[in-house]
Amino acid sequence: MVAKLQDEERAGLLAAHPDWRHEPVRDAIVRECIFADFSAAFAFMTRVAMLAEVQDHHPEWSNVYNRVTILLTTHDADGLSARDAKMAAAIDALLRG
Ligand code: HBI
């Protein structure tokens, strides 16, 4: 079992990653990313997929043309955990370039 973040830890995660919003029903974080076109969006998804395999932590996401919506939560914790914070940081770093 993975430890679920406490309220203060969740607040810290959101403060550190302001492009993510909290989704309270799932206790998840969500980020919407817009790219120039489908090709750029799919290239980004490929890079995230490789990160997800390395971290053994996988996003729930959707893609419509140039938009990718990513939801992170930890099934094993029934909510947010440090694994989501680590993945959000890696995704933010990718998007910063
Ligand atoms: N991805 N988002 C997410 N949450 C998990 O709990 C999770 C995962 N990928 C793999 C994984 N857990 C494994 O550790 C096992 O549960 C198989």
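The values are calculated or read from the model by the stated rules, or taken from the named source; none is laboratory data. What you are looking at is a predicted structure, and each value in this text was computed from that prediction instead of being measured. In this analysis, Cβ positions are derived from the backbone assuming ideal geometry, glycine residues included, and neighbour counts consider all displayed protein chains.
A40 falls short on exactly one of the conditions (1) loosely packed, with under 13 Cβ neighbours inside 10 Å; (2) more than 16 Å from M87 (Cβ to Cβ); (3) of a type in the set (G, A, S), and that condition is (1).
Out of the residues in the stretch 76-94 that are touching a residue at least 40 places away in the same chain (Cβ under 8 Å) and within 11 Å of the ligand (Cβ to nearest atom), which is farthest from M1 (Cα to Cα)? Going through the qualifying residues, I end up with D84.
Restricting L71, L51 to residues that are assigned to a helix (DSSP H, G or I) and either free of Cβ contacts under 8 Å to residues at least 24 places away in the same chain or under 19 Å from A93 (Cα atoms) (or both) narrows the list to L51. When the stretch 18-47 is limited to residues that are over 12 Å from T69 (Cβ atoms) and either at pLDDT below 95 or among the β-branched types (V, I, T) (or both), the one that is farthest from the chain's Cα centre (by Cα) turns out to be V25.
The residue that is nearest to the ligand (Cβ to nearest atom), counting only those in the stretch 53-71 that are more than 24 Å from G12 (Cα to Cα), surrounded by 13 or more Cβ atoms within 10 Å (Cβ to Cβ) and of a type outside the set (A, V, I, L, M, F, W, C), is N63. Can you find a residue in the stretch 42-52 that is in contact with a helix residue (DSSP H, G or I) (Cβ under 8 Å, 6 or more places away or on another chain), within 16 Å of the ligand (Cβ to nearest atom) and of a type in the set (F, W, Y)? For the stretch 42-52, residues in contact with a helix residue (DSSP H, G or I) (Cβ under 8 Å, 6 or more places away or on another chain), within 16 Å of the ligand (Cβ to nearest atom) and of a type in the set (F, W, Y): absent.
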